[in-house]
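Student: Here you go, one structure.
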Amino acid sequence: MTSIAEKLQSKAPRRSGSGKQVRLRLVHIDFWSAMKVSAILGLVLGIVQLVVTFVMWTLLQVVGLFGKIDEVLQDILSQPEFAITSILSLPQVMMFTLLVAVLNFVVITVLGAVIAVLYNLSVRVTGGLQVGFANQ
């Protein structure tokens, strides 16, 4: 039975050079490497989360959505001095987002390490992933 990669390679036009294919088996993922990569991923996602939250809050403020919400809640609560931005001010929203970003960083880092350990344990049963490389 041929793999999808072999079928695609057989349909691709051959170049004039020799196209030797090497098959390797991934049998171990280094714990610290997986942890470092997942930590960087968690850090980048945390920064993206902070930037998106800031942009969204600013956009909602500029559009005037907070003012409309204030009007509706002032009518419902019968409190003319009520302001939603006193509860959802930019510093409060950003602090909450920072807290969530830090928790996400920790969870993503730990998950990366746990997945590496689980993969290394499953290799004993499955034999690992077979990866094919072609030199063209």
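The values are calculated or read from the model by the stated rules, or taken from the named source; none is laboratory data. This is a predicted model, so every value here is computed, not measured. Every residue, glycine as well, gets a Cβ built from its backbone with ideal geometry; the counts of neighbours run over all protein chains shown. Heavy atoms of the whole protein, side chains included, go into the accessibility calculation; ligands, DNA and RNA do not. Shrake-Rupley method; radii C 1.70, N 1.55, O 1.52, S 1.80 Å.
Student: Just wondering, is there one or more residues in the stretch 31-42 that are of a type in the set (A, V, I, L, M, F, W, C), without any contact (Cβ under 8 Å) to a residue 12 or more places away in the chain and over 30 Å from ARG124 (Cα atoms)?
Tutor: Step one: filter the stretch 31-42 for residues of a type in the set (A, V, I, L, M, F, W, C), giving 31-32, 34-35, 37, 39-41.
Remaining after also requiring without any contact (Cβ under 8 Å) to a residue 12 or more places away in the chain: 32, 40.
Pick out the ones that are also over 30 Å from ARG124 (Cα atoms) and you get none.
Checked against the condition, which is being of a type in the set (A, V, I, L, M, F, W, C), without any contact (Cβ under 8 Å) to a residue 12 or more places away in the chain and over 30 Å from ARG124 (Cα atoms), the stretch 31-42 yields no hits at all.
Residue-by-condition table, conditions (1) assigned to a helix (DSSP H, G or I); (2) surrounded by 14 or more Cβ atoms within 10 Å (Cβ to Cβ):
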position: ILE69; (1), (2): yes, yes
position: ILE76; (1), (2): yes, no
position: PRO80; (1), (2): no, no
position: ASN104; (1), (2): yes, yes
position: VAL107; (1), (2): yes, no
position: GLY112; (1), (2): yes, yes
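Student: Which members of the stretch 120-136 meet the condition of being open to solvent by 40 Å² or more (accessible area, probe 1.4 Å) and in contact (Cβ under 8 Å) with a residue 40 or more places away in the chain?
Tutor: LEU129, GLN130, VAL131, GLY132, PHE133, ALA134, ASN135, GLN136
Student: Across the stretch 82-102, which residue is nearest to LEU43 (Cα to Cα) among those that are assigned to a helix (DSSP H, G or I) and without any contact (Cβ under 8 Å) to a residue 12 or more places away in the chain? If you could, list the steps in order and put the result at the bottom.
Tutor: Going through the stretch 82-102, the residues assigned to a helix (DSSP H, G or I) turn out to be 84-86, 90-102.
Imposing the further condition that a residue be without any contact (Cβ under 8 Å) to a residue 12 or more places away in the chain reduces the set to 86, 91-92, 95-96, 99.
Numbers: SER86: 30, PRO91: 21, GLN92: 21, MET95: 16, PHE96: 16, LEU99: 13 Å.
Per the stated criteria, the residue is LEU99.
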